[in-house]
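Enquirer: Sharing a structure here in structure tokens format.
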Amino acid sequence: PSNYLSYFKRAATYLTLGRNNQALADFSTILKLKPDFGQALLQRGRLYTKSGEFVKAKEDLELYLKSNQGDPEVPALLSSINEASKALALTQNAIAEGKTEECVHILGSAILVAPLYAPFRMQRAECHLARGEVEEAVNDLNRATHNAALDPQLMHRLSTMTYYSLYMPEQALNQIKQCISFDPENKLCKGLFRKLKTTEKAIGKLDEDLERSRWAGVINKAVGGEKSLVQSVETETTEMENTNNAVGKMPKRLLLKIYSAACKAYTENKDTANAMKWCTSTLSLDESNVDGLVGRGMAHMLNDDFEEAIRDFTKAQELAGGQDRKIHEKLTKAQKLLKQSQQKDYYKILGVPRSATPREIKKAFRKLALQWHPDTYRGDLAPDQVEKKMAGLNEAYEVLSDPELRERFDNGDDPNDPQAQQNPFGQGFGGHPFFFQQGGSPFGQAGSGGFQFNFQF
């Protein structure tokens, strides 16, 4: 125990293993046994510098320098210590002046000198948060928890950001477990652990519904009811932003995941209003979200806003590298429908939306046919104008009441276009403006003479 060289060998081994505290203890023991041992002074001074104990570091290094004036490393190290010791004061001024980039730069230089000094890491994390750089902030706070005594408040804050902002569930749970392992009865950490486990279980069920295309289940879990995921996660996300003084600057990846799920489900269900709402919410968090763009594009298309649909599909295709076949098909369809809408739109003729059910289409046609049928029309238009209007209604109904023809029209192909490959009406439809094929009219078969109809309501 009195052999200082044995301690020195062990201290050197501890340094190799990265066990700085044990090495520091051995160097201190050596200097008690042999106060003038220069290498122990130099190594302890370096360790004090790394941990931010600058006063002690300067004492050791200056004492070492008295006997080793030819060592060029030590003066440079002492100079860097002087600069680093001013860092916290300088960054406080930078923050007060809103110079967050300067704050990050100053502390970056200081951390190179004292990488184990937790206050430098924690202060730089605040500067990163002020800039909206949450991943960098989380990295610094992670390092700070390794280098300092465990702080439940810090661990709670770190885990919350990791989960709700960055959505790294496994890492977030491990962080809060570390707090619980240090203090099993800590209410703050235990409460967050239970909350994260409950939320993550619900997310797992949401993912399962998404994978199996159970859209009603996705909607119910994501945004439906009082206990929906969106309500609880929005509340936690808002609280997290307020706690970190970073409202509007932090990514919200968990909330983005939930919004995106609702966007997709409502799009698949052809619920135009809700698809537009949740796809727009998705894009408010990530304007480059491909699913959000595609979903909003589909909603625009159902609303007959084809130009906006084309913009969304075009951007989505660019973000997907131009290789996504499904997006390409949707873009092509929107372009066809835009061209079609500038020529003839059977939905507008009947006054129904593209999402109309067969029953709604039939009802709309009956109402308009009663108004415009030559036998019932009461207005100022000439007979040929009334016949033309009625012919347009007949044509629209013939297409939209037939599932196959409607599908063709919805895909941008007008079955009545002379350039189409095939006229589904054959000779019968083109011969007379009020001639219905059998089963085509909701009023029954046309009479044999003139423009007689049997109204069978």
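Enquirer: Length gain on complete extension for the stretch THR198 to ARG131, per 0.36 nm per residue less the alpha carbon to alpha carbon distance?
Expert: Once the chain is fully extended between THR198 and ARG131, it gains 21.0 nm.
Enquirer: Let me ask something else about it. Compute the long axis of helix 325-341 from its Cα atoms, compare it with the longest principal axis of the Cα atoms of the chain, and write down the angle in degrees, 0 to 90, nearest 10.
Expert: Taking the Cα atoms of the chain, the angle to 325-341 is about 40 degrees.
Enquirer: Write down, largest first, the equivalent ellipsoid semi-axes of the chain in whole Å, where each equals the square root of 5 times an eigenvalue of the alpha-carbon gyration tensor.
Expert: Semi-axes, largest first: 77, 22, 17 Å.
Enquirer: Which percent of the Cα-Cα distances in the stretch 150-288 go past 25 Å?
Expert: When all Cα pairs of the stretch 150-288 are counted, 30 percent exceed 25 Å.
Enquirer: Sorted by accessible area (1.4 Å probe), largest first, how do THR16, THR357 line up?
Expert: Result of the area sort, largest leading: THR16, THR357.
Enquirer: So what does log10 I(q)/I(0) come out to for the stretch 34-153 at q = 0.16, 0.23 Å⁻¹, using the Debye formula with one equal point on every Cα and no solvent?
Expert: Values, matching the q order: -0.76, -1.19.
Enquirer: Based on the mean of other beta carbon atoms within 10 Å per residue, what is the order of 101-108, 125-132, most packed first?
Expert: Put in order of decreasing packing, that is 125-132, 101-108.
Enquirer: Kindly report the accessible area of the stretch 207-247 per residue (heavy atoms of protein chains, probe 1.4 Å, no ligands, DNA or RNA), in Å².
Expert: Per residue, the stretch 207-247 has an accessible area of 59 Å².
Enquirer: Relative contact order for the stretch 103-233 using alpha-carbon pairs under 8 Å, separation at least 6, rounded to a whole percent?
Expert: 14 percent
Enquirer: Below 8 Å, C-alpha to C-alpha, sequence gap of six or more: please give me the relative contact order for the stretch 289-371 in percent.
Expert: Reported relative contact order: 25 percent.
Enquirer: In degrees from 0 to 90, rounded to the nearest 10, what is the angle of the helix 187-211 Cα long axis to the longest principal axis of the chain?
Expert: 30 degrees
Enquirer: Hey, any idea what % of the chain's accessible area is carbon plus sulfur with a 1.4 Å probe?
Expert: Percent of accessible area from carbon and sulfur atoms in the chain: 49.
Enquirer: Moving on. Quick one: what are the phi-derived ³J(HN,Hα) couplings along the stretch 303-313, Karplus 6.51/-1.76/1.60 with θ = phi - 60°, whole Hz, x for glycine and proline?
Expert: Calculated HN-Hα couplings, in order: 8, 6, 9, 6, 5, 5, 4, 4, 4, 5, 5 Hz.
Enquirer: Let me have the relative contact order for the stretch 1-150, percent, based on Cα pairs under 8 Å that are six or more residues apart.
Expert: Relative CO of the stretch 1-150 lands at 15 percent.
Enquirer: Could you compute how fast the stretch 83-125 diffuses translationally, taking Rh as the Kirkwood radius over C-alpha pairs and applying Stokes-Einstein at 25 °C with viscosity 0.890 mPa s? Give it in µm² per second.
Expert: 248 µm²/s
Enquirer: In square nanometres, what is one fourth of the surface area of the convex hull spanned by the alpha carbons of the stretch 231-321?
Expert: The directionally averaged projection comes out at 6.0 nm².
Enquirer: Might you work out the accessible area of SER28 for me, using a 1.4 Å probe with all protein chains in place, and round it to the nearest 10 Å²?
Expert: Per-residue accessible area (SER28): approximately 30 Å².
Enquirer: While we're looking at this one, here's another question. Relative to the longest principal Cα axis of the chain, at what angle does helix 38-50 sit, 0 to 90 degrees, rounded to 10?
Expert: 30 degrees
Enquirer: Just to confirm a number: summing +1 for Lys and Arg and -1 for Asp and Glu over residues other than MET276 whose beta-carbon lies under 15 angstrom from that of MET276, what do you get?
Expert: The answer is -1.
Enquirer: Counting heavy atoms of the protein chains only and a 1.4 Å probe, report the per residue accessible area for the stretch 1-136 as a whole number of Å².
Expert: On a per-residue basis, the stretch 1-136 sits at 54 Å².
Enquirer: Continuing with the same structure: Percent of alpha carbon pairs in the stretch 92-164 separated by more than 15 Å?
Expert: 51 percent
Enquirer: Going by average Cβ neighbours within 10 Å, how do the peptides 284-297, 156-169 rank, with the highest at the top?
Expert: Result, highest mean Cβ count within 10 Å first: 156-169, 284-297.
Enquirer: Under the Kirkwood approximation for Rh and a Cα-based Rg, what ratio Rg/Rh is obtained for the stretch 134-203?
Expert: The Rg/Rh ratio comes out at 0.95.
The values are calculated or read from the model by the stated rules, or taken from the named source; none is laboratory data. What you see is a predicted model, and the numbers here were worked out from it, not measured in a lab. Virtual Cβ from ideal backbone geometry, glycine too; neighbours counted across all protein chains shown. Heavy atoms of the whole protein, side chains included, go into the accessibility calculation; ligands, DNA and RNA do not. Shrake-Rupley method; radii C 1.70, N 1.55, O 1.52, S 1.80 Å.
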